[in-house]
């Protein structure tokens, strides 16, 4: 038996690579006769770029950029395809993990540093840029990215707006005359880990604003600013960015780069698997184990484990899903893709404790799962 181990990251606890190693270790501690392959996956969320660079044997380019609060930091992007494609992790420049909890402020946080990374990638001579947009601290519609590339956001008096996105409600004109002239010759692909649209109750402000530190008043201000941005964009470009799938990714940054950089927005896990030739690993496997922090109905909206399970199911390969949290009741939709769902916790605990013990819980549950498989194989003989 050959088992493919393909987990996503366990958020705030283990990287996808570390999760895969833990599952593999658990299986090795059992007596199941099998071979295993670790193939950590990502769906556009934080950590996607590093996995792509690792899988495709790319190189890292160190750069200095500004973080969400405009402080100078060290970051990097990757080069693959003979240095013709750049791979950018938005979270490396504009991520939540760069801020302390008391620094979270999406009314002031900017994606400017990600725009600087795009500019530096163009300096390196690339003709394609992949951007993984998960894990951002921003809800600015990508205005920071665009500003770093030469776009000016003006009020009714022609003055350039400062402190975006809080000031976006004053927007009256978007001046693209100084937009980096190299961009039309560069293909930009955004790997999205959510399919939310830009505006509304499932939009960037309403859903992701609170996760990034916005209270109810701030969410209303952010929604108003993004609405204004949408209106001016429609007037000047004819593009209805409020209607596009994936437009709410990274606080609407995906919508901004779609409108002004002609970026292509794609499902993150599908593009990741295609890029890394996941199917080749799948074809050799008799079983797949995947997982992430939580597997529930939202997983079916395009999260990493769903992409893995869907591909496996098309080939008739059974799938086991491991997660810190699973539905309390049987979910028929999830059961169509996951043969087994297992929660890895071993006793009631608070979130901090659960996160602390993710690795050892993954090892234990993987060992027990492999043992069950071993006995199941043995029972077939009788």
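The values are calculated or read from the model by the stated rules, or taken from the named source; none is laboratory data. What you are looking at is a predicted structure, and each value in this text was computed from that prediction instead of being measured. Methodologically, a virtual Cβ is constructed for each residue, glycine included, from the backbone with ideal geometry; neighbour enumeration extends over all protein chains shown.
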- Which residues, counting only those in region 264-285, are outside any loop (DSSP other than H, G, I, E, B) and within 17 Å of the chain's Cα centre (by Cα)? 264, 265, 266, 267, 268, 269, 270, 271, 272, 273, 274, 275
- Query: Yes or no: residue 2 at pLDDT 95 or above and over 30 Å from residue 205 (Cβ atoms)?
  - Reply: yes
- Message: Out of 261, 341, I need the residue that is closer than 30 Å to residue 115 by Cβ and over 19 Å from the mean Cα position of the chain (by Cα). Which one?
- Response: 261
- Task: Being more than 26 Å from residue 211 (Cβ to Cβ) and either touching a residue at least 40 places away in the same chain (Cβ under 8 Å) or surrounded by fewer than 16 Cβ atoms within 10 Å (Cβ to Cβ) (or both) is the filter here, so list the residues in region 45-71 that pass it.
- Result: 54, 55, 56, 57, 59, 60, 61, 62, 63, 64
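For residue 23, are the conditions met, namely being at pLDDT 95 or above and in a loop (DSSP other than H, G, I, E, B)?
Against the criterion (at pLDDT 95 or above and in a loop (DSSP other than H, G, I, E, B)), residue 23 does not qualify.
Among the listed residues 321, 302, identify the single one that is crowded, with 20+ Cβ neighbours inside 10 Å, in contact with a strand residue (DSSP E or B) (Cβ under 9 Å, 6 or more places away or on another chain) and at pLDDT below 90.
On the way: 321 fails: at pLDDT below 90.
None of the others qualify; the one that does is 302.
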- Item | First in region 171-198 and on the phi < 0 side of the Ramachandran plot, second anywhere and surrounded by fewer than 17 Cβ atoms within 10 Å (Cβ to Cβ) and part of a loop (DSSP other than H, G, I, E, B), Cβ under 6 Å, 6 or more apart | 172/155; 172/156; 178/150; 179/150; 180/150; 186/127; 195/245; 196/202
- Query: Which residues, counting only those in region 80-104, are in contact (Cβ under 8 Å) with a residue 40 or more places away in the chain, in contact with a helix residue (DSSP H, G or I) (Cβ under 8 Å, 6 or more places away or on another chain) and surrounded by fewer than 24 Cβ atoms within 10 Å (Cβ to Cβ)?
  - Reply: 96, 97, 104
- Matching residues in region 287-299 (surrounded by fewer than 24 Cβ atoms within 10 Å (Cβ to Cβ) and in contact with a strand residue (DSSP E or B) (Cβ under 9 Å, 6 or more places away or on another chain)) number 4
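Of these, 171, 179, 130, which one is over 23 Å from the mean Cα position of the chain (by Cα), closer than 22 Å to residue 86 by Cα and buried (at least 16 other Cβ atoms within 10 Å of the Cβ)?
179
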- Search region 270-286 for residues being surrounded by fewer than 19 Cβ atoms within 10 Å (Cβ to Cβ) and touching a strand residue (DSSP E or B) at 6+ places or on another chain (Cβ under 7 Å), and hand back the single one that is farthest from residue 58 (Cα to Cα). 286
- Query: When residues of region 1-15 are filtered for being touching a residue at least 40 places away in the same chain (Cβ under 8 Å) and outside any strand (DSSP E or B), how many remain?
  - Reply: 8
